[in-house]
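Read-outs: derived from the displayed coordinates by stated rules, not from any lab. Since the structure is predicted, the reported quantities are computational estimates derived from the model, not experimental observations. Cβ sites come from the backbone with ideal geometry, for glycine too, and all protein chains shown count toward neighbours.
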Amino acid sequence: MGSYNLYNQKSKVKPAIALVDCDNFYVSCEIVFNPKLKDKPVVVLSNNDAVVVARSNQAKELGIPMGAPIFKIKPFLEKHNVITIPSNLPLYANISNRVMNIILEDFPNTEIYSIDEAFINFNLSKTNLEKLFSLQNKILKWTGIPTSIGVSTTKTLAKVATKIAKKKQNQKIHILLDPDEIKNTLSTFDIEDIWGIGNSYSKFLKSHNINTALDLANADDIFIKKHLGIPGLRIAHELRGIQCIDIEIDQKPKKSIMRSLSFPVETQNFDEISSYISRFAEICAKTLRKQNSTATIVSVFISTNPFKENYFSNFISLPLPYPTNSTFDIVNFSLHLLKSIYKPEHLYKRAGVIVSGILPLNSIQQHLFIKPDPRKQILSHLIDEINSRFGPASLHIALSKPPTKNQPLIFEITI
């Protein structure tokens, strides 16, 4: 914990922000269901198994970079016995929901920032700090996911505090509130590690002798605004302890929704792939209805195993004739797209459906000549009610592949 002394402060109520960050989240999720992976070099691969999207600490120590193309580092991975795992987004989304619900139970004023991060807005007190320590232990006990927590006065400083917490061996919580400690910490904090400062900005700033977070905090506002714009100015002010980036409690609807899966066995059977696509489309449509929105674009992709010869992948999108969240519409459009990209000579390993161009349900502008069938809408909601009462996929499109114990397909993925 930082050196901040809560009891020496004059004000009894001080606002603070805590960032809860799940450590190596995708890898941690895999370890929950396969404990043998613990303390081993593990990397999780992207949807098409092409690049590294998550690493265990042991993989990081080997110098494996984030986003590294697998085909370039495959010999290195084999040499060091690095375990590669295809991403399982439904699993990660399900565990993320459990983690976030635990946080929200103790701290309702929370912004779910990403699948593995949440900002908590709270008043600084001994009770709330004890709740944070308890929260970290509760998340680990109930989900198996380790977390790091940083506490400070702004989102940007909370990010800094969390990076420090991640380096601790035991209880990974760091409180960064004391002005002198903030100054000392920022003086050694590299400019490129600041939240919101990308690689190009960090190179530019270093060329102007702004090398640390403290240098940016002390930089001239006119210079920052000219070269980094208003977002850069907000970051500099946040480093000074001035809150400029608000906690967004009311979550916005997702901009796109995806459901995909690596098949347990490679297949070239069109009917089998169609059943997967149909199920994916069903779940995407259900998620749209859940957030009271509609989609204007449907996309479908399929691919073979990238580790085998003659790798093949295809992707296609279709602007819809009208905004819809009907299961029947989304399924029909998705199957139409699949037919146009399917090649029977390939053995397929992965497929998926994406709906995008998402609009609020109350802002739909109807097409002058083409209108959706209202009966489909009514029937889609009826399916939701039946499945809510009797269990997921109790009622589904006949073509859809129903979930099984070994191959669950009921989780929703939003991006």
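Count neighbours as other Cβ atoms within 10 Å of each site's Cβ, and list the trypsin sites (Lys or Arg not before Pro) in the range 220-297 that are DSSP loop with at most 12 such neighbours.
Hits after loop and neighbour filter: LYS255.
List, in order, the whole-Hz ³J(HN,Hα) value for each residue of the range 86-91 obtained from phi through the Karplus relation with A = 6.51, B = -1.76, C = 1.60 and θ = phi - 60°; use x for Gly and Pro.
Calculated HN-Hα couplings, in order: x, 5, 10, 4, x, 4 Hz.
For the range 148-191, which trypsin sites (Lys or Arg not before Pro) are in a loop by DSSP, counting at most 14 other Cβ atoms within 10 Å?
Loop-located and lightly packed - LYS167, LYS168.
Please give me, ordered by residue number, the chymotrypsin sites (Phe, Trp or Tyr not before Pro) of the range 262-362 that lie in loop per DSSP and have at most 13 other Cβ atoms within 10 Å.
PHE307
Pairs to check: LYS38/LYS126; LYS79/LYS339; LYS72/LYS206; LYS60/LYS138. Give those whose C-alpha atoms are more than 32 Å from each other in this structure.
Beyond 32 Å: LYS38/LYS126; LYS79/LYS339.
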